[in-house]
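Only one structure is covered here, and it is reproduced in the block below.
The values are calculated or read from the model by the stated rules, or taken from the named source; none is laboratory data. Keep in mind the model is a prediction, meaning the values are calculated, not measured. Cβ placement follows ideal geometry from the backbone for every residue including glycine, while neighbour counts extend to all protein chains displayed. Just so you know, the surface numbers come from the protein's heavy atoms only, side chains and all, with ligands and any DNA or RNA stripped out. Shrake-Rupley method; radii C 1.70, N 1.55, O 1.52, S 1.80 Å.
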Amino acid sequence: MIVRTLQDAEKTERRVTSETWESTRLLLKDDNMGFSFHITTLYAGTTTEMWYRNHLESVYCMSGEGEIETLDDGKVYPIAPGTVYALDKHDKHILRAKTELKMACVFNPPVTGREVHDETGAYPAEEDYKEMA
Ligand code: 9YT
């Protein structure tokens with residue numbers, strides 16, 4: 001059994017920050033659940049482009065208002081509390097946060113946590129950045 005609180009996890013390296021968002025990974029690969037589970041905050045007024053080539057991701061909006069655009073077809077979908085989106089085709093997308101967005105995110109395969117190090121630290125190769133933005 002694993003029991004954690006967001007409040008405790010936020011005080012550890014499970015919390016990562018970026019220019020437009022911050023995220024606390026409550027469950028990671030080494031928890032052996034087959035997925036990772038994150039609570040992500042996107043800052044108000046920001047735009048974040050993402051492309052998870054190697055992961056499937058599902059995202060549930062807990063609070064805030066925004067929109068998501070899939071880049072291959074230019075479709076725009078509103079994001080509001082209660083909305084879930086699933087990137088079942090590894091869709092390239094842009095998330096626009098009109099207000100602060102609080103999201104619960106699941107990744108399959110699970111994120112290891114190491115991606116963060118690449119992304120925020122030593123090796124910010126373009127493709128690495130997009131993979132874990
Ligand atoms: C909303 C969203 O795409 N969240 C992704 C997870 C976050 N960027 C993270 O934990 O790296």
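If you place +1 on the Cβ of every Lys and Arg and -1 on the Cβ of every Asp and Glu, how big does the dipole about the Cα centre of the chain come out, in debye to the nearest 20?
400
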Margin query: Among Thr47, Val3, Cys105, which residue has its Cα furthest toward the positive end of the charge dipole of the chain, with +1 on Lys/Arg Cβ and -1 on Asp/Glu Cβ?
Written below: Val3
Note to self: Under 10 Å, Cα contacts only: if you run a Gaussian network model on the chain, which one of Val59, Val84, Val106 comes out with the highest mean-square fluctuation?
What the structure shows: Val84
Check: Using alpha-carbon pairs under 8 Å, 6+ residues apart, how would you state the relative contact order of the stretch 14-132 in percent?
Finding: 33
Notebook entry, point to check: Can you tell me the accessible area per residue over the stretch 14-132, all protein chains present, probe 1.4 angstrom, in square angstrom?
Noted result: 51
Notebook entry, point to check: Using the beta-carbon distance between Ile2 and Val84 and R0 = 35 Å, what value does 1/(1 + (r/R0)^6) give for FRET efficiency, to the nearest 0.05?
Noted result: 0.90
Notebook entry, point to check: Which of the lysines could a cross-linker bridge to Lys11, judged by Cα under 21 Å and excluding same-chain residues fewer than eight apart?
Noted result: Lys29, Lys102
Next item on the list: Could you check which residue among Arg53, Arg14, Arg114 shows the biggest mean-square fluctuation in a GNM of the chain with a 10 Å Cα cutoff?
Entry: Arg114
Note to self: In whole percent, and with a 1.4 Å probe on the protein chains, what portion of the accessible area of the stretch 1-122 is carbon and sulfur?
What the structure shows: 52
Note to self: Could you derive backbone 3J(HN,Hα) for the stretch 97-112 from the dihedral phi with the Karplus parameters 6.51, -1.76 and 1.60 (θ = phi - 60°), listing whole Hz in sequence and x where the residue is Gly or Pro?
What the structure shows: 9, 6, 10, 4, 10, 10, 10, 10, 10, 10, 10, 10, x, x, 6, 8
Next item on the list: May I ask you to evaluate 6.51 cos²θ - 1.76 cosθ + 1.60, the Karplus curve with θ = phi - 60°, for each residue of the stretch 17-31 and list the ³J(HN,Hα) values in order in whole Hz, giving x for glycine and proline?
Entry: 10, 9, 5, 10, 7, 9, 8, 10, 8, 6, 10, 10, 3, 6, 7
Next item on the list: Report, by chain and number, residues whose modeled amide H sits under 5 Å from the one on Leu71, excluding near sequence neighbours (fewer than 5 apart, same chain).
Entry: Lys92, His93, Ile94
Next item on the list: Any chance you could get the radius of gyration and Dmax over the Cα atoms of the chain, in Å?
Entry: 14.0, 43
